[in-house]
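Visitor: Dumping the structure here so I can ask a few things about it.
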Amino acid sequence: MPINYELIKKEKNTKARLGSVKTSYGTYETPMFMPVGTQATVKTLSKEEIKEVNAGIILCNTYHLWLRPSPDVVKKAGGLHKFMNFNGPILTDSGGFQVFSLAKPKNITEDGVTFKSHLNGDKLLLTPEKSIEIQNKLDSDIAMCFDECPPASANYEYMKNSIERTLRWAARCKSAHNNPNQALFGIVQGGYFEDLRAYSAKETVKLDFDGYSIGGVANDHESKSDMYKAIDYSIPYLPENKLRYLMGVGEPIDIIEGVIRGIDIFDCVLPTRLARHGHAFTKDGKINLKNAKYKEDFSPISKECDCYACKNYTKAYIKHLINAEETLGARLLSIHNIRFLIKMTEDLRNAIKEDKILEFKDEFCRRYYGEDYDKE
RNA sequence: GGAGGAAUAGCGAAGUGGUCAAACGCGGCAGACUGUAAAUCUGUUCUUUCGGGUUCCGUGGUUCAAAUCCACGUUCCUCCA
């Protein structure tokens, strides 16, 4: 068994749960946030910096690594871990999200999905078998089934056909999978339709995967309440003894709401992308260091943050770096933002231990959203 | 001393009689970003009590109408002596 999830404790007042994941690189507690490193790099961070923010698993992408440098190069290097010199667990996304971000609906057939390479325009066919073959070669610790990630706005008819196909693809992924050191996760889809989420979850679980994820959320400017419903519709059918992964979600409040609903792991590009765009998470809300008011602010982003950026640099300096497009600025903010989310999941784990998850949420939101939260 | 050329918004630079408060880029000010085609994209950037007001080196002039044409001046650049 490449990974082993153990449920340690259920929180008293919600569906939140504390768990641990045993991997060949050590044991990690959940809930946990996974930084995204699409192209075999958490953008701007060295492996030492990834470790220093106390990241557990990180995520890389099948589609991107397929195009460049190619799975064969990674295999020759000795697998993803050796290639990127990262000695921690790695999850690879299947390219399913690229079905949403790159492909047009007409490019999706029973066989797979036709992409136009974003690098050189080459016509490419990604199938469940191909995705698994690539992930096998990449030798990640957790592979994801190749799914269609349909837009949230898809109608019932489309969504039903889509999840049926994704289920057939999941079965194909499972039979194609032959890397004994790699776990394989199934993906629940179904948009915001209660019966489709339930159906997708039940049928995916029947196929018996090493863990389950909920996909197709936070991808189409949907409302937060819709997104939370999609989780609520799916969770009851997922087994308690397996890891639950909410794909692509990473706004602080969404992580909290996800944890409350029984999610164990999250991934999101937000902390690193926001960093490159000059924004920083703080307990008092998200701030934009590009704003003129930080020009002479010689205090750290957050006095209560234990990250490298906050211990060593001021807002004024980081603002200057961002304004001057110096890479150190993006790097310091990436370290800070990832650490912020990871620290938040550490705090969430403590709150679960003390059965105080709702209090934690209230306290967090009161500071993060200020008066706006009290009005609700 | 002589001959040419140029002066446009914070900067660079289009525009060479009306459709010009003036393209575009940079800079400035804000906003967006959720399994990364994203160190990207969007808005805004003379002034205003939103009716308008005041602009294209300066001063006069031509014209119904001037950033645009004419005269003089100022400054800068190039070449010749």
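The values are calculated or read from the model by the stated rules, or taken from the named source; none is laboratory data. Small disclaimer: the values here were computed from a predicted structure and weren't measured. For neighbour counting, all protein chains shown are included, and Cβ atoms are generated from backbone atoms with ideal geometry for every residue, glycine included.
Visitor: Among the residues of the stretch A:106-123, is there at least one that is of a type in the set (Ser, Thr, Tyr), assigned by TED's automatic domain parsing to the domain that holds A:Pro69 and closer than 17 Å to A:Leu67 by Cβ?
Guide: Residues of the stretch A:106-123 that are of a type in the set (Ser, Thr, Tyr), as a first pass: A:109, A:114, A:117.
Among the residues that remain, those that are also assigned by TED's automatic domain parsing to the domain that holds A:Pro69 are: A:109, A:114, A:117.
Narrowing further to those that are closer than 17 Å to A:Leu67 by Cβ: A:114, A:117.
Within the stretch A:106-123 (the criterion being of a type in the set (Ser, Thr, Tyr), assigned by TED's automatic domain parsing to the domain that holds A:Pro69 and closer than 17 Å to A:Leu67 by Cβ), the answer is yes, since at least one residue qualifies.
Visitor: Follow-up question, since we're still on this one. In the stretch A:263-278, what count of residues is obtained for those that are more than 15 Å from the chain's Cα centre (by Cα) and more than 8 Å from RNA strand B (Cβ to nearest atom)?
Guide: Total meeting the criteria: 1.
Visitor: Show me the helices (runs of 4 or more DSSP H) found entirely inside the stretch A:283-376 where at least 3 residues are of a type outside the set (Lys, Arg) and surrounded by 15 or more Cβ atoms within 10 Å (Cβ to Cβ).
Guide: Details: elements: A:308-312, A:315-323, A:327-353, A:357-369, A:371-375.
The helices (runs of 4 or more DSSP H) meeting that bar are A:308-312, A:315-323, A:327-353, A:357-369.
Visitor: Ok, one more. Could you tell me whether A:Arg339 is in contact with a Ser or Thr (Cβ under 7 Å, 6 or more places away or on another chain), among the charged types (D, E, K, R) and within 16 Å of RNA strand B (Cβ to nearest atom)?
Guide: Details: in contact with a Ser or Thr (Cβ under 7 Å, 6 or more places away or on another chain): no; among the charged types (D, E, K, R): yes; within 16 Å of RNA strand B (Cβ to nearest atom): yes.
It is false that A:Arg339 is in contact with a Ser or Thr (Cβ under 7 Å, 6 or more places away or on another chain), among the charged types (D, E, K, R) and within 16 Å of RNA strand B (Cβ to nearest atom).
Visitor: Read through the list (1) surrounded by 16 or more Cβ atoms within 10 Å (Cβ to Cβ); (2) part of a loop (DSSP other than H, G, I, E, B), then give the number of the only condition that A:Arg165 fails.
Guide: The one condition A:Arg165 does not meet is (2).
Visitor: Just one of (1) more than 22 Å from the chain's Cα centre (by Cα); (2) surrounded by fewer than 17 Cβ atoms within 10 Å (Cβ to Cβ); (3) assigned to a loop (DSSP other than H, G, I, E, B) trips up A:Glu240, so point out which.
Guide: In the conditions (1) more than 22 Å from the chain's Cα centre (by Cα); (2) surrounded by fewer than 17 Cβ atoms within 10 Å (Cβ to Cβ); (3) assigned to a loop (DSSP other than H, G, I, E, B), A:Glu240 misses (1) alone.
Visitor: Can you find even one residue in the stretch A:285-301 that is within 18 Å of A:Ala55 (Cβ to Cβ), within 12 Å of RNA strand B (Cβ to nearest atom) and either free of Cβ contacts under 8 Å to residues at least 40 places away in the same chain or small (Gly, Ala, Ser) (or both)?
Guide: Our first condition is that a residue be within 18 Å of A:Ala55 (Cβ to Cβ); within the stretch A:285-301, this holds for none.
Looking through the stretch A:285-301, none of the residues is within 18 Å of A:Ala55 (Cβ to Cβ), within 12 Å of RNA strand B (Cβ to nearest atom) and either free of Cβ contacts under 8 Å to residues at least 40 places away in the same chain or small (Gly, Ala, Ser) (or both).
Visitor: Being part of a helix (DSSP H, G or I) and surrounded by fewer than 17 Cβ atoms within 10 Å (Cβ to Cβ) is the filter; apply it to the stretch A:106-136 and report the residue that is modelled with the lowest pLDDT. So that I can check it myself, show each step before the final result.
Guide: First pass over the stretch A:106-136, keeping only residues part of a helix (DSSP H, G or I): A:106-107, A:128-136.
From what is left, the residues that are surrounded by fewer than 17 Cβ atoms within 10 Å (Cβ to Cβ) are A:106-107.
Values: A:Lys106: 82, A:Asn107: 91.
Among those that are part of a helix (DSSP H, G or I) and surrounded by fewer than 17 Cβ atoms within 10 Å (Cβ to Cβ), it is A:Lys106.
Visitor: Let me ask something else. In this structure, is A:Ile318 under 27 Å from the mean Cα position of the chain (by Cα), modelled with pLDDT of 95 or more and within 12 Å of RNA strand B (Cβ to nearest atom)? Steps first, please.
Guide: Details: under 27 Å from the mean Cα position of the chain (by Cα): yes; modelled with pLDDT of 95 or more: yes; within 12 Å of RNA strand B (Cβ to nearest atom): no.
Judged against the criteria, A:Ile318 is not a match.
Visitor: Which residue pairs have Cβ atoms closer than 8 Å, lie 6 or more positions apart in sequence or on different chains, and pair a first residue in the stretch A:141-152 that is under 15 Å from A:Asn61 (Cα atoms) and acidic (Asp, Glu) with a second residue that is assigned to a loop (DSSP other than H, G, I, E, B) and more than 10 Å from RNA strand B (Cβ to nearest atom)?
Guide: A:Asp141/A:Pro2; A:Asp141/A:Ile3; A:Asp141/A:Ser24; A:Asp141/A:Tyr25; A:Asp141/A:Ile57; A:Asp141/A:Pro89; A:Asp141/A:Asn181; A:Asp141/A:Gln182
Conditions tested, residue by residue: (1) more than 15 Å from RNA strand B (Cβ to nearest atom); (2) crowded, with 16+ Cβ neighbours inside 10 Å.
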| site | (1), (2) |
| --- | --- |
| A:Glu6 | yes, no |
| A:Asn13 | yes, no |
| A:Leu18 | yes, yes |
| A:Thr23 | yes, yes |
| A:Thr27 | yes, no |
| A:Met32 | no, yes |
| A:Pro35 | no, yes |
| A:Val42 | no, yes |
| A:Leu45 | no, yes |
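Visitor: Hey, another quick one. Given A:Val74, A:Val99, which one is away from RNA strand B (no atom under 11 Å from the Cβ), buried (at least 21 other Cβ atoms within 10 Å of the Cβ) and either assigned to a helix (DSSP H, G or I) or of a type in the set (Val, Ile, Thr) (or both)?
Guide: Details: A:Val99 fails: away from RNA strand B (no atom under 11 Å from the Cβ).
After ruling out the rest, the residue left standing is A:Val74.
Visitor: Next question, about the same structure. Taking the stated definitions as given, is A:Thr38 assigned to a loop (DSSP other than H, G, I, E, B), over 30 Å from A:Arg261 (Cα atoms) and β-branched (Val, Ile, Thr)?
Guide: Details: assigned to a loop (DSSP other than H, G, I, E, B): yes; over 30 Å from A:Arg261 (Cα atoms): no; β-branched (Val, Ile, Thr): yes.
Here the answer is no, as A:Thr38 does not meet what is asked.
Visitor: Give me the residue from the stretch A:79-96 that is surrounded by fewer than 17 Cβ atoms within 10 Å (Cβ to Cβ) and without any contact (Cβ under 8 Å) to a residue 60 or more places away in the chain and, out of that set, nearest to RNA strand B (Cβ to nearest atom).
Guide: A:Asn85
Visitor: Among the residues that make up the stretch A:201-211, is at least one of them in a strand (DSSP E or B), surrounded by fewer than 24 Cβ atoms within 10 Å (Cβ to Cβ) and in contact with a Leu (Cβ under 9 Å, 6 or more places away or on another chain)? Before the answer, list the steps.
Guide: Going through the stretch A:201-211, the residues in a strand (DSSP E or B) turn out to be A:211.
Retained after the next criterion (residues that are surrounded by fewer than 24 Cβ atoms within 10 Å (Cβ to Cβ)): A:211.
With in contact with a Leu (Cβ under 9 Å, 6 or more places away or on another chain) added as a condition, the list becomes A:211.
Yes; the residues of the stretch A:201-211 include at least one that is in a strand (DSSP E or B), surrounded by fewer than 24 Cβ atoms within 10 Å (Cβ to Cβ) and in contact with a Leu (Cβ under 9 Å, 6 or more places away or on another chain).
Visitor: Since A:Arg197 meets every condition but one in (1) buried (at least 22 other Cβ atoms within 10 Å of the Cβ); (2) under 18 Å from A:Phe146 (Cβ atoms), which condition does it not meet?
Guide: (2)
Visitor: When the residues of the stretch A:213-237 are filtered to those that are hydrophobic (A, V, I, L, M, F, W, C) and either closer than 24 Å to A:Asn337 by Cα or surrounded by fewer than 24 Cβ atoms within 10 Å (Cβ to Cβ) (or both), which remaining residue is farthest from RNA strand B (Cβ to nearest atom)? Break it down stepwise before answering.
Guide: In the first step, residues of the stretch A:213-237 are kept if they are hydrophobic (A, V, I, L, M, F, W, C); the result is A:214, A:217-218, A:227, A:230-231, A:235.
Those left that are additionally either closer than 24 Å to A:Asn337 by Cα or surrounded by fewer than 24 Cβ atoms within 10 Å (Cβ to Cβ) (or both): A:214, A:217-218, A:227, A:231, A:235.
Values: A:Ile214: 9, A:Val217: 7, A:Ala218: 3, A:Met227: 7, A:Ile231: 12, A:Ile235: 17 Å.
By that ranking, first place goes to A:Ile235.
Visitor: Six or more apart or on different chains, Cβ under 9 Å: which pairs go from a residue in the stretch A:173-193 that's within 13 Å of A:Met227 (Cα to Cα) to one that's basic (Lys, Arg) and part of a helix (DSSP H, G or I)? Could you list them?
Guide: Close Cβ pairs (under 9 Å, with a partner that is basic (Lys, Arg) and part of a helix (DSSP H, G or I)) amount to A:Gln189/A:Arg197; A:Gly190/A:Lys160; A:Gly190/A:Arg197; A:Gly191/A:Arg197; A:Tyr192/A:Lys229; A:Phe193/A:Lys160.
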